[in-house]
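Below is one structure; the comments refer to it alone.
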Amino acid sequence: MMKIQKSITHNDASDPTTSLIESDEFPIWTVSELALKESWRKELNRPVYHIHKWWATRLGSVFRSILIGCNLNPGDDFLADFYGNTKYEKMVVFDPFMGSGTTIGEAHRLGCTAIGQDINPIACESVRVAMNRYDKGDLIDAFDELYERVGKELGKMYVSLDDEGNECVVLYYFWTSQAPCPKCNKAVDLFTSYVFGKNHAKGNKNIRIYCPKCENPFTGTTDRQTAKCVYCENEFDPRKGVANGANATCTLCKNVFCIADAIQNTGKRPEYRPYAKLVLAKNGTKKYLKITPQDIKLYKKCSDRLKRETKDGGLLLPLGQLENGHNTSQAIKYNYLTWRDFFNDRQLLALGLLYRSITEIRDEKIRDLMLILFSSILEFNNMFASYKGEGTGAVRHMFSHHILKPERMPIEANVWGTPKSSGSFSNLFKLRLLKLLDYHAMPFDVSPLNKKHVYCGNEFNGRVHVGINGTTRLENGGIFISCASSTNTGIPDESITHVVTDPPFFDNVHYSELADFFYSWAKRFPRGFILPGKTTRSLEEVQDTDYEKFSAKLSDVFNECHRILQRDGLLIFTYHHSRTQGWRSLIKAVYDAGFSIVNAHPVKSEMSNAVPLSQAKSSIQLDVIFVCKKKESDHRQANDDVQAKQLTLKSMKLKSEMLRAIGLNLSHNDLAVIFYSQFLASIGPIMTWKEMDNMIQSCMSFFALK
């Protein structure tokens, strides 16, 4: 354990009214060590926040640490509360940007009353279902019944013959998208490379190559630039496909053309052609094989049945068209105009049959949980998913780019799945739902010594309440979830102990544009927070490419937090950014809402290249925990520009040394994040926004010169 170096840069730790989170003795090194361990496999270390896709899911260990820091004083034993069955029963915690529910779950584990609100129904429904309690035996029985009713049927859609003529299970089909050559009208396969699979095991150089001449897959090695097909002896450079960037070269007439223009001119989404498959033979071995006429026949059979089922109206298939937006424009450019366009016929048929069967489950709670699981497999079972390779989870989900980017070489996974496949309903049932129930009954945290689990915290009691208003009685230890803009919560004045959240980032991923992908399916069967409608988008969503508009929206939410927060309560949020406007928009929102920043703690984030920093020259691996008080409760003296910079340099040196001591290699942008955050905490409480803005810009310029 690192020895605490006492610092009173921001708040005097000797003041008995100062909590640990407000002081410089908050153990950022310990929190960062825990974050490092959890982030290694966060879906296994905190399964309750990962049963469904949501963006920017923060680490549970960090938010557990924040809540504990609110309740301890400097000098108290932090780890004793972190690994104990701690209960803060008098504490009421609110998260206005609930997302995947990290704040809510951690507050609940600590015995608090937890209130969460989010404007997006996909997020709210996922949290509502994830926080409930279920009978494990009932869930397993429901799964077994689903297998009998529909699982076996889905399995028949993924059968083939291996190279010895024996029946086998298809784990994955590999497809290429196509574009018509504007000159000769040939359907050109858009291979970006003829290498379609790699092995991620250390030292393994094997790669899977598709031969464009005889159409057989074969094995090569990464240390050779020229490949020779073992079937037809064709020699070629497997790294060079016909598609290169925005253009492709016709294999017939050698015309070079713009792919997007060629597809746009067809008036429909790209066509696809299967070129290989990975099968599971009876002896348990995996084989990459060529597509056969039997494979084409089976797919056509699925297409024909889909037409019949769709005509009869018996299938629940996605509804709605894509709307223009930052994250949808690229898909629309390639004529993906409806959400149904994201799937091939076999995927639509299999998913539609599975969806229908799930809605017939009589137990409402179990049905809702299975519906969340169904929604979660959608990101792995569509034509925007791709192949990650061997030695890892095989399917790369469609949101890996944080936009709806068309995939030129997509993968089609076996929807029901086998123990040897990934991204399927049966696999995620075990990896997500069963682990969720185990975690509910016996919550755990990562060990301070290794990556093993320490069982601690209170079990989930399942007391989830929908909605809140001025007359709602807040049950101690209960969970209250609302789906609405957090500019109006219905929570009584000064009734919240602390607000703890992770606000959206300025000018980045518009969550609702991506969440509409799930909503297009979910709204076919309304329940919980899922209601009929066209989109999850809202004008009140705190997201905008204009930093002043973004700041104003965020300020409206923080103003509501100011109203409902107790006089000495804290507003605590995590944030990082690489751009000046990102910092200015945030700080203006805090200032305009009547708060001042009393401290800022840099800690390890959930990933090193977290969005929205993918365009940054150097990565950012830190989040900053900003601790804010109402201005009228902040009794510090304001510092001028020179004093603030002096305090900042001292604090930056201390905190960067703490983080380096646990092995973090801090980039230039990491140091910038530390510097900016410490400067903001050093300014003090009272001044005009113009004065503060001038100091912020002076701070940025000062760091640039350093």
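Odds and ends about this structure:
- Residues of the range 378-409 satisfying the condition of being under 14 Å from the mean Cα position of the chain (by Cα) and hydroxyl-bearing (S, T, Y): S400
- Filtered residues of the range 693-706 (kept if more than 20 Å from D634 (Cβ to Cβ), surrounded by 15 or more Cβ atoms within 10 Å (Cβ to Cβ) and in contact (Cβ under 8 Å) with a residue 60 or more places away in the chain): M700
- Residues in the range 313-370 that are farther than 30 Å from P180 by Cα and aromatic (F, W, Y): Y355 alone.
- Residue check for P238: under 15 Å from D189 (Cα atoms) and either among the small types (G, A, S) or outside the structural domain of K523 (by TED's automatic domain parsing) (or both): yes
- Qualifying residue in the range 682-692 (condition: more than 15 Å from L622 (Cβ to Cβ), in a helix (DSSP H, G or I), out of contact with any Phe, Trp or Tyr (no Cβ under 9 Å at 6 or more places or on another chain) and touching a residue at least 24 places away in the same chain (Cβ under 8 Å)): yes
- Neighbours by Cβ (under 7 Å, 6+ apart or cross-chain): first from the range 652-681, within 11 Å of P602 (Cβ to Cβ) and of a type in the set (V, I, T); second in a helix (DSSP H, G or I) and at pLDDT 90 or above: I674/M652; I674/K655; I674/S656
- Number of positions in the range 76-108 that are touching a Lys or Arg at 6+ places or on another chain (Cβ under 7 Å) and basic (K, R): 0
- Subset tally (residues that are surrounded by 19 or more Cβ atoms within 10 Å (Cβ to Cβ) and more than 31 Å from the chain's Cα centre (by Cα)) for the range 263-274: 0
- Checking each residue in the range 345-392 for being charged (D, E, K, R) and either in a loop (DSSP other than H, G, I, E, B) or more than 26 Å from M409 (Cβ to Cβ) (or both) picks out R356, E360, R362, D363, E364, K365, R367, D368, K388.
- Filtering the range 534-547 to residues that are more than 21 Å from the chain's Cα centre (by Cα) and in contact (Cβ under 8 Å) with a residue 40 or more places away in the chain leaves K534, E540, Y547.
- Exclusive hit being buried (at least 17 other Cβ atoms within 10 Å of the Cβ), among the acidic types (D, E) and more than 21 Å from A515 (Cα to Cα), set D341, D445: D445
- If the condition is being charged (D, E, K, R), assigned to a loop (DSSP other than H, G, I, E, B) and within 23 Å of N244 (Cα to Cα), then the range 393-422 contributes K405, E407, R408.
One line per residue, one yes/no per condition, for (1) buried (at least 16 other Cβ atoms within 10 Å of the Cβ); (2) assigned to a helix (DSSP H, G or I):
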{"position": "F505", "(1), (2)": "yes, no"}
{"position": "S512", "(1), (2)": "yes, yes"}
{"position": "F517", "(1), (2)": "yes, yes"}
{"position": "K534", "(1), (2)": "no, no"}
{"position": "S538", "(1), (2)": "no, no"}
{"position": "D544", "(1), (2)": "yes, no"}
{"position": "K549", "(1), (2)": "no, yes"}
{"position": "S555", "(1), (2)": "yes, yes"}
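- Those residues of the range 465-483 which are at pLDDT 90 or above and either surrounded by 16 or more Cβ atoms within 10 Å (Cβ to Cβ) or not assigned by TED's automatic domain parsing to the domain that holds G101 (or both), in sequence order: H465, G478, I479, F480, I481, S482, C483
- Residue selection: L154 fails the criterion of being more than 27 Å from I361 (Cα to Cα) and aliphatic (A, V, I, L, M).
- Extreme residue, surrounded by the fewest Cβ atoms within 10 Å (Cβ to Cβ), among residues of the range 40-99 that are assigned to a loop (DSSP other than H, G, I, E, B), among the aromatic types (F, W, Y) and touching a strand residue (DSSP E or B) at 6+ places or on another chain (Cβ under 7 Å): Y83
- Among residues of the range 230-250 that are surrounded by 17 or more Cβ atoms within 10 Å (Cβ to Cβ), those with a beta-carbon under 7 Å from a residue that is among the aromatic types (F, W, Y) and part of a loop (DSSP other than H, G, I, E, B) at least six positions away or on a different chain give the pairs P238/Y194; G241/F191; G241/Y194; V242/F191; A243/F191.
- Test for Y147: is it at pLDDT 95 or above, closer than 30 Å to R362 by Cα, of a type outside the set (D, E) and assigned to a loop (DSSP other than H, G, I, E, B): no
- Any hit, the range 468-489, residues being more than 27 Å from V150 (Cα to Cα), without any contact (Cβ under 8 Å) to a residue 60 or more places away in the chain and among the β-branched types (V, I, T): yes
- Members of the range 299-351 that are touching a residue at least 24 places away in the same chain (Cβ under 8 Å), in contact with a Pro (Cβ under 9 Å, 6 or more places away or on another chain) and under 30 Å from D546 (Cα atoms): Q330, A331, K333, Y334, N335, Y336, W339
- Selection status of D493, part of a helix (DSSP H, G or I) and more than 21 Å from the chain's Cα centre (by Cα): no
The values are calculated or read from the model by the stated rules, or taken from the named source; none is laboratory data. Because the structure is a prediction, the values reported are computed rather than measured. Counting neighbours? That spans all protein chains shown, and the Cβs are built from the backbone with ideal geometry, glycine included.
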